Amino acid sequence: MEPTRAARKRPSRLQDNLVYGLVWLACLAPLLWLAWKGFAGDLGANPIEKLIRQLGVWGLRLLLVGLAITPAARIFRQPRLIRFRRTVGLFAFAYIVLHLFSYVGVDLYFDLGQLWKDILKRPFITLGMLGLVLLIPLAVTSTNGWILRLGRAVWQRLHGLIYLIVPLGVVHYYLLVKADHRPPLAYGAVFLLLMGWRVWDRLDRKR
Ligand code: HEM
């Protein structure tokens, strides 16, 4: 019997797993690259700073990629892209946790008293920490079980925190750079663009 159009269009389980594998690989690639460079002793003159910074910047990039998935799914009419939001978001969280651990472990030698002083005294650390703390409930409730437990409306409201977390990451970045502010401003511009699309989309749907 001739398959229906919908059945013909649906990717096979193998294709599905392959795409998932590629997304995982793309998210893991910066970490593997950093580990490779680290073991090869090729992280430059200040490897600790390079490690902390790279983990932070990849965390921020993945947060933005996560925010870009919904617009991309709508613009390119690929609703199946939405299922990658959770994977990308959890990888962003993992990078930021590693970013924190590399700072606390490698830079501060696990001196939590010093970390607390930094949180109180250095505004860029205060904002970064706030961003990370707010990310925790999003990571914990990212499963389907939590969507059911909280109900979709509450879950969506909670996950709206991402619109606060990303600017916190951008301002954290802006405050810590001393000379060239263009990179954090560029990430801020990408965030504003993605927010602009969301506002436009909401107005368009109301019309
Ligand atoms: C949402 C959470 C966070 C994001 C998105 C984030 C992102 C970033 C980015 C993009 C950079 C600069 C990378 C570069 O220069 O190329 C950075 C640097 C840094 N971040 Fe974070 N970060 C976050 C949380 C934290 C937390 C919780 C801490 C520590 C408590 C922290 C400590 C640092 C430090 C020490 C640096 C390097 C500063 C320097 O080299 O002078 N960050 N972070």
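Summary table below
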| item | result |
| --- | --- |
| Output for region 10-50, where each listed residue is loosely packed, with under 10 Cβ neighbours inside 10 Å, within 20 Å of Gln78 (Cα to Cα) and of a type in the set (A, V, I, L, M, F, W, C) | Leu14 |
| Residue in region 106-121 that is within 30 Å of Leu22 (Cβ to Cβ) and either within 15 Å of the chain's Cα centre (by Cα) or surrounded by 13 or more Cβ atoms within 10 Å (Cβ to Cβ) (or both) present | no |
| Test result for Arg86, out of contact with any helix residue (DSSP H, G or I) (no Cβ under 7 Å at 6 or more places or on another chain), surrounded by 13 or more Cβ atoms within 10 Å (Cβ to Cβ) and assigned to a helix (DSSP H, G or I) | yes |
| The one condition in (1) at pLDDT 95 or above; (2) within 12 Å of the ligand (Cβ to nearest atom) that Pro137 fails to fulfil | (2) |
| Matching option when the condition is of a type in the set (D, E, K, R) and more than 14 Å from the ligand (Cβ to nearest atom), among Arg77, Arg61 | Arg77 |
| All positions within region 89-104 that are more than 10 Å from the ligand (Cβ to nearest atom) and buried (at least 21 other Cβ atoms within 10 Å of the Cβ) | Gly89, Phe91 |
| Residue check, Ile165 β-branched (Val, Ile, Thr), within 16 Å of the ligand (Cβ to nearest atom) and either in contact with a Lys or Arg (Cβ under 7 Å, 6 or more places away or on another chain) or at pLDDT 95 or above (or both) | yes |
| Residue in region 168-203 that is surrounded by the fewest Cβ atoms within 10 Å (Cβ to Cβ), counting only those that are more than 14 Å from the ligand (Cβ to nearest atom) and charged (D, E, K, R) | Arg202 |
| Helices (runs of 4 or more DSSP H) contained entirely in region 106-207, each with at least 2 residues that are closer than 20 Å to Phe84 by Cβ and of a type outside the set (Ser, Thr, Tyr) | 123-140, 144-150, 152-159, 162-176, 182-206 |
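Per-residue answers, yes or no, for (1) touching a His at 6+ places or on another chain (Cβ under 6 Å); (2) over 19 Å from His172 (Cβ atoms):
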| residue | (1), (2) |
| --- | --- |
| Val65 | no, no |
| Arg74 | no, yes |
| Gln78 | no, yes |
| Thr87 | no, yes |
| His99 | no, no |
| Leu127 | yes, no |
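The values are calculated or read from the model by the stated rules, or taken from the named source; none is laboratory data. Treat the numbers as computed from the prediction; the structure is a model and nothing was measured. Ideal geometry is used to build each Cβ from the backbone, glycine not excepted, and the neighbour counts take in all protein chains shown.
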